[in-house]
Amino acid sequence: MHPCPIRLFCLINLLACLALSGCVSVKPKGLSETPMLSENLCATFEQIPVLFREEFEKALFKATLDIGKHHLTGLLFIKRMPDTAWISTVQDFLIPYHPPVKTITRILFSNEFGMTYFDLELKPDSLGVIYCFEPMNKQALWKVFGTAFALLMSPKPSCKECSWFIQHQTNALTCHYSIGNFQRWYNYSPEANILYSCNGRTTLLDKTFIQYLSNGQELPTRINIGNPVIKMKFRLVLLSGS
Amino acid sequence: MLKIIPFFFLISSLTLQAQQKNLDAVTIQLVREGVALAAQTTQTISCDFTQQKEMSMLKDQIISRGKFFFKKEQSLRWEYTYPFSYLIVIHNDEVTIRSDDNVTKFSAQTNKVFTEINRIILGSIRGTILNDSSFSTSFYPANTGYLVKLVPLSPGLRENLTKIMIFFNRTDFTVDKLELYEQAGDYTIIDFSEKKINAPLPDQTFLLD
């Protein structure tokens with residue numbers, strides 16, 4: 001029996017797309033490993049404000065999400081809640097996320113008219129989908145969002161927990177940190193006092209690139225989250241937060 | 001078991017009493033005709049709006065405010081002024097959004113939620129929603145007019161909304177308030193105030209460069 005030519009063509013296209021986008025590495029280019037940072041740099045690094053620190057309560061962002069031909073706009077609301085608010089969820093996707101003790105983070109994206117696109121619950125080890133707009137209810141998409149939000153909300157590793165690298169051209173510092181298969185690369189200024197971006201992945205599909213504009217605040221004023229594999233761009237602008 | 005049955009009946013009867021009473025057939029006809037006439041005679045609407053999204057499980061709310069404009073047949077302009085400045089113009093099937101000097105245009109068809117909200121709002125203003133076969137419709141008295149409760153019948157709509165409540169003004173049959181109830185238990189209330197009906201609105205109001 002011959003395989004259906006259309007299916008074969010689609011399969012080849014899919015594999016080609018995955019192969020091409022899979023080539024994008026989350027490890028920044030042009031790095032060379034460096035021994036532990038000097039005490040001064042380490043001290044500066046430790047003083048960088050932790051984004052979404054332990055005391056973080058909630059934040060409201062203006063949000064634009066592009067996935068393929070779909071363009072969604074609205075508001076993203078992030079709220080950290082005590083673990084007593086944990087509820088059973090429709091679907092859970094396992095991710096190695098280690099937030100501050102016993103809290104959950106609820107992430108709700110709605111359009112301008114208030115209609116919810118998705119309502120997610122980020123737990124220490126998984127992402128729960130409380131609700132999602134049906135066309136978005138794709139397991140692969142939640143895997144991508146799970147890694148993206150885990151990367152966004154993860155506490156900053158300490159100086160000693162990092163494997164340090166220097167970028168040849170810019171002298172920027174990169175901290176590599178991993179838990180299990182969750183690989184993370186944090187890119188800092190040469191003085192180790194500003195976080196520019198971070199990249200992470202657990203599999204080939206969920207490669208995530210996050211760029212920040214933090215203005216030295218604990219809540220970044222702008223966040224751009226991207227995933228080249230599924231051609232996802234999620235742009236956030238801070239409106240309010242505490 | 002037998003002891004439970006009278007208690008069950010008591011609770012059921014109390015629940016029934018607590019339910020709102022439907023409008024009678026004559027008043028329903030009056031509302032239908034009033035809304036249809038208002039739709040016919042309304043060329044433009046300019047008003048303020050306050051939008052309140054209640055997130056039940058998050059025990060929180062998001063409040064937005066702005067100005068709303070409508071021009072017959074299908075032009076809408078939502079001018080959000082709070083919590084951020086934002087402009088949405090829906091003209092026929094094209095959505096244009098202006099935010100931070102960036103203008104984005106896309107077809108409403110690429111965003112299903114947008115399409116549905118647009119249909120509900122336009123249908124409420126133009127009165128067509130009361131005859132829309134994709135909803136079951138029931139009528140109730142309300143403080144300032146009439147409440148029409150719409151329950152989506154089509155599976156596509158039911159995935160997002162459990163019910164829509166439209167509050168029509170007793171005097172001019174325009175929409176005072178819209179409530180959208182979502183599957184997850186959250187709901188959004190949009191209050192329209194300071195309405196100006198048929199005030200001149202230039203076409204440029206619905207054009208964004």
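The values are calculated or read from the model by the stated rules, or taken from the named source; none is laboratory data. As the structure is a computational prediction, the values presented were derived from the model and not from experiment. A quick note on method: Cβ atoms are made from the backbone with ideal geometry, for glycine too, and the neighbour counts reach across all protein chains shown. Surface accessibility is based on the protein's heavy atoms, side chains included, excluding ligands, DNA and RNA. Shrake-Rupley method; radii C 1.70, N 1.55, O 1.52, S 1.80 Å.
Worth a mention:
- Computed over the stretch A:159-211, the range of Cα coordinates on each principal axis works out to 31, 23, 18 Å, biggest value leading.
- Förster radius 41 Å - calculated FRET efficiency between B:Gln52 and A:Ser178, Cβ distance, rounded to 0.05: 0.40
- Rounded to the nearest 10 square angstrom, B:Asp172 shows an accessible area of 60 square angstrom against a 1.4 Å probe.
- Three semi-axes describe the equivalent ellipsoid of the protein assembly as shown; taken as square roots of 5 times the Cα gyration tensor eigenvalues and ordered largest first, they are 46, 26, 23 Å.
- Shielding by partners - mean other protein chain Cβ count within 10 Å, residues of A:113-126: 5
- The stretch B:57-158: C-alpha gyration tensor shape, a/c 1.5 cut-off, then a/b vs b/c: prolate
- Note that the stretch A:194-202 has calculated 3J(HN,Hα) couplings of 9, 8, 8, 7, 8, 10, x, 6, 10 Hz, one per residue in order, obtained from phi through the Karplus relation 6.51 cos²θ - 1.76 cosθ + 1.60 (θ = phi - 60°); glycine and proline are x.
- Rounded if a/c under 1.5, otherwise prolate or oblate - the stretch A:103-223, Cα gyration tensor axes: prolate
- Shielding score for B:51-58, defined as the mean number of other chain Cβ atoms within 10 Å: 5
- Alpha-carbon centroid distance for the pair the stretch B:26-55 / the stretch A:146-182, whole angstrom: 55
- B:Arg126 - accessible surface, heavy atoms, 1.4 Å probe, Å² rounded to 10: 80
- Förster radius 22 Å - calculated FRET efficiency between A:Lys69 and A:Leu204 (Cβ-Cβ, nearest 0.05): 0.45
- Once all protein chains are placed together, A:His70 keeps about 80 Å² accessible to a 1.4 angstrom probe.
- Taking every alpha-carbon pair within chain B, the share separated by more than 24 Å comes to 48 percent.
- Across the stretch A:190-231, the mean sequence separation of Cα contacts (distance under 8 Å, 6 or more residues apart), normalised by length, yields a relative contact order of 32 percent.
- Average other protein chain Cβ within 10 Å of Cβ, residues A:130-140: 3
- Working note: 222 nm ellipticity from helices only, DSSP H runs with n ≥ 4, each -39,500 (n - 2.57), summed and divided by the residues of the protein assembly as shown, gives -6500 deg cm²/dmol to the nearest 500.
- Once the Cα gyration tensor of the stretch B:116-209 is diagonalised, semi-axes √(5λ) in Å: 24, 18, 13
- Cβ-Cβ FRET estimate between B:Leu153 and A:Lys231, R0 fixed at 25 Å, reported to 0.05: 0.10
- The stretch B:20-179 - percent relative contact order, Cα under 8 Å, separation 6 or more: 17
- Partner lysines whose Cα lies under 25 Å from the Cα of B:Lys72, excluding those fewer than 8 positions away in the same chain, are identified as B:Lys105, B:Lys112, B:Lys149, B:Lys177, B:Lys195, B:Lys196.
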